[in-house]
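Chemist: Pasting a structure below so you can have a look.
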Amino acid sequence: MPATATAVTLTLSGWFLTSFVAIQELLAERDVLAARLHTMAFTDGLTGLANRALFLERLEDALRRGDSRVGVLIDLDDIKPVNDTYGHAAGDAVLMRTAERLRLSAGSAGVTARLGGDEFAVLIEQAQLGDLAAVADRIVEALGEPCRLEGGTEVRSTPASGAMAADDDRDASALLHRADGAMYAAKRSGKGSFELAHAA
């Protein structure tokens, strides 16, 4: 092969190799960006918990599979007075501490989410109704502990919780509505209360 042809071949080979490496790097960057965007789309920015969209997606997946699963909704009282008295940074600190305690008290049971504002939820995998009250009591107790703010001030935000069971209902929105009703019944019963949603 003439020297010129050899040089051209080597040049083209080097160009193809460089292009291949560059394309591989771009694809890797795309994958990282896609994963980051997916995380942002399904994660609560303040607490790092799953957000409402991911919670509903997981709940709908469980219902499609026909799994016997239950969920707990938790609503915090007294966040507004914390915001009004100590500022929104203090309220955010309470929400972040709540998320941390919720993760620990729910354990690896399922998906822990912040649905918005001061409302949280846990989707408990393959649990029986008999286990639900114990889980809810553990969550209420953990979240009822005072939260120490920067500067040493302690504030308390008492949770109320309601629970739903899949039963024969396969409608995620209907289940959340039932749990929401139970949660507000718990609020009427007094701070730190728990109510189980009745079957539709």
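The values are calculated or read from the model by the stated rules, or taken from the named source; none is laboratory data. Here the structure is a predicted model, which means the values were calculated and not measured. Here the Cβ is made from the backbone with ideal geometry for all residues, glycine too, and neighbour counts use every protein chain on show. When the accessible area is computed, the model is the full protein with side chains, heavy atoms only, and any ligands, DNA or RNA have been set aside. Shrake-Rupley method; radii C 1.70, N 1.55, O 1.52, S 1.80 Å.
Chemist: What does the charge count around Thr112 come to, taking other residues whose C-beta lies under 11 Å from its C-beta (Lys +1, Arg +1, Asp -1, Glu -1)?
Modeler: +2
Chemist: Can you give me the solvent accessible area of Val82 with a 1.4 Å probe, rounded to the nearest 10 Å²?
Modeler: Solvent-accessible area, nearest 10 Å²: 10 Å².
Chemist: I need the calculated FRET efficiency for the pair Glu145 and Glu29, taking r as the beta carbon distance and R₀ as 41 Å, to the nearest 0.05.
Modeler: The value I calculate is 0.40.
Chemist: How large is the accessible surface of Arg97 in square angstrom, using a 1.4 angstrom probe and rounding to the nearest 10?
Modeler: Spelled out: Arg97, probe radius 1.4 Å, area about 90 Å².
Chemist: Working out 0.36 nm times the residue gap between Glu119 and Leu63, then minus their Cα-Cα distance, what length gain in nm do you get to one decimal?
Modeler: Working it through step by step, the gained length comes to 18.0 nm.
Chemist: Note down the nm distance, to one decimal, between modelled labels 7 Å out along Cα→Cβ at Arg156 and at Thr18.
Modeler: Output for this residue pair reads 7.0 nm.
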